[in-house]
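Below is one structure, written out as structure tokens, with a few remarks after it.
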Amino acid sequence: MTAFPEIEKIRYEGPGSRNPFAFRYYDENEVVEGKSMKDHLRFSVVYWHTMRGGGADPFGPATAVRPWEDGTDSVENAINRVRVFFEIVEKLGAPYYAFHDRDVAPEGKTLSESNANLDRVVAALKEEQQRTGIKLLWGTANLFSNPRFMHGAATSCNADAFAYAASQVKKAMEATLELGGEGYVFWGGREGYQCLWNTDMKREIDHLARFMHMAVDYAKEIGFTGQFYFEPKPKEPTKHQYDFDAAACINFLRCYGLEDHIKLNLETNHATLAGHTMQHEIEYAGSQGFLGSIDANTGDLLLGWDTDQFPTDIYLTTQCMHAILKYGGLNPGGVNFDAKVRRESFEPIDLLHAHIGGMDAFARGLKIAAAIRADGRLAEIVRDRYASWDSGLGAEIEAGKHDFKSLEAAMLAQGEITPNKSGRQEMIENLINTYL
């Protein structure tokens, strides 16, 4: 029995297709800059929003119609849910998925019972992976939903909460290894503060670093060689989170000697909440050697919270893919659809519409970004803007041949700087629009 018997596997039909259950731009075999679209984009479907997002919000209960649910929080229902999930991913043709431990398996009355529940569901996940060839992009642990983590997990003022979180991550890492996961993500959700008057910030950040070092050590112990990721988010549910943005995360990783072990998993809506664009976050992480993976979604600029909408803005996906191509692509990371259908889009079929649109948007962004790079005009404009650094005084500064005294002498002799050139922002924005 299938959940979507009327839907065949989604296939590429080209830009002229009017079939809502076909890709217009995502042709997984099309080669762009020497790699197939499938290898560039490495699409991943998330378990939490796709299977556990019910459409509830602070003003009303869940609205989603999910015929495969039996109304219980049993392991049997969880295993049935796994079968439906893999049907969705298989029909979309996405090569990867991602999950939190508590998304896939119900939490028990004790840690031991929770672990046993996860073991049973992991067995079902493994069966489906073997049946379909779909792989696990990364796993993670939910360290924010249960009330025990009200003060945080790795940064909690309660040492027992820290220990429980460590136990949970240990098990989630073991599950990720069992499933051949290519990575593991740290996103605590509540690793921050609401009130500084009652917070020992240094102690909490020290504890977060110790927690991550424990994970790195345990990965070596069990033979997990996947990539670790740290996911920035500035706020929500806390007022301030320690993983505020890419710059804050990279500073933390370098400060605590974790830079050789952990890269960043960047999310568009989190970038917006931090007052950045996703392009900024990818550029910063890439320039510092920390670009790992991305969560593909977007927010609503008229709302002030993390709405996790599916990406459909071609300008956004072009910006993302241009920066990703610039820094060598995503591998072992991917384009992970950490996105949910709207509360009003409550029918199961809306899950397919949403992912098809997101996959097409990123495929189109990839092709446009590659066209911009191949054309070369943008790169030429940037090179020309920084031409003063390619010879003469600029080249000498970059080569380390000057200090303040020698630069003062140069400017005293010259008297004034050479004329600045216009940034040509409007012309560049017009140029980008010609590719869309």
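Observations on the structure shown:
- Heavy-atom accessible area for C195, with the other protein chains in place and a 1.4 Å probe, reaches approximately 50 Å².
- Remark on F228: its backbone amide H falls under 5 Å from those of Y184, K263, a criterion applied only to residues 5 or more positions apart or on other chains, H modelled at 1.01 Å from N.
- Accessible solvent surface per residue of the chain, calculated while the other protein chains remain in place, 1.4 angstrom probe, Å²: 48
- Highest GNM mean-square fluctuation among K170, K367, K405, for the chain modelled with Cα contacts below 10 Å: K405.
- Computed accessible area, V122, all protein chains, 1.4 angstrom probe, square angstrom: 10
- Under the Karplus curve 6.51 cos²θ - 1.76 cosθ + 1.60, θ = phi - 60°, whole-Hz ³J(HN,Hα) for region 396-407, x wherever Gly or Pro sits: 5, 4, 5, 7, x, 8, 10, 9, 4, 5, 5, 5
- Against the main long axis of the alpha-carbon atoms of the chain, helix 75-92 sits at an angle near 50°.
- Ordering 59-68, 272-281 by mean Cβ neighbour count within 10 Å, with the highest value first, yields 272-281, 59-68.
- Expressed as a whole percent, the accessible surface of region 1-71 that belongs to carbon and sulfur atoms is 52, based on a 1.4 Å probe.
- Under 5 Å from the amide H of F23 lie the amide H atoms of R11, Y12, E13, each residue being 5 or more positions distant or on a separate chain, with H modelled from the backbone and absent for Pro and chain starts.
- Residues whose placed amide H lies under 5 Å from that of Y96, excluding near-sequence neighbours: V45, K135
- Accessible-area value, S388, 1.4 Å probe, nucleic acids and ligands omitted, Å²: 80
- Helix 425-435 vs. the chain, principal-axis angle (Cα, 0 to 90°, nearest 10): 50
- Sequence of K220, K326, K126, K91 when ordered by accessible area, the most exposed leading, probe 1.4 angstrom: K220, K326, K126, K91
- Listed residues D57, D403, D390, most fluctuating in the chain (Gaussian network, C-alpha, under 10 Å): D403
- Using only side-chain charges placed at the Cβ, +1 for Lys and Arg and -1 for Asp and Glu, the dipole size of the chain relative to its Cα centre rounds to 160 debye.
- Across all directions, the average projected area of the convex hull around the alpha carbons of the chain is 25.1 nm².
- Ignoring lysines fewer than eight residues from K9 along the same chain, the ones with Cα atoms less than 22 angstrom from its Cα are K38, K91, K126, K135, K340.
- Helical contribution to [θ] at 222 nm, DSSP H n ≥ 4, -39,500 (n - 2.57), averaged over the chain, rounded to 500: -14500 deg cm²/dmol
- Calculated over region 305-436: convex hull of Cα atoms, volume per residue (Å³): 186
The values are calculated or read from the model by the stated rules, or taken from the named source; none is laboratory data. Remember, predicted model here, so these are calculated numbers, not experimental data. Heads up, the Cβs are rebuilt from the backbone with ideal geometry, glycines too, and the neighbour counts pull from every protein chain shown. Remember, those area values only see protein heavy atoms, side chains included, never the ligands or the DNA or RNA. Shrake-Rupley method; radii C 1.70, N 1.55, O 1.52, S 1.80 Å.
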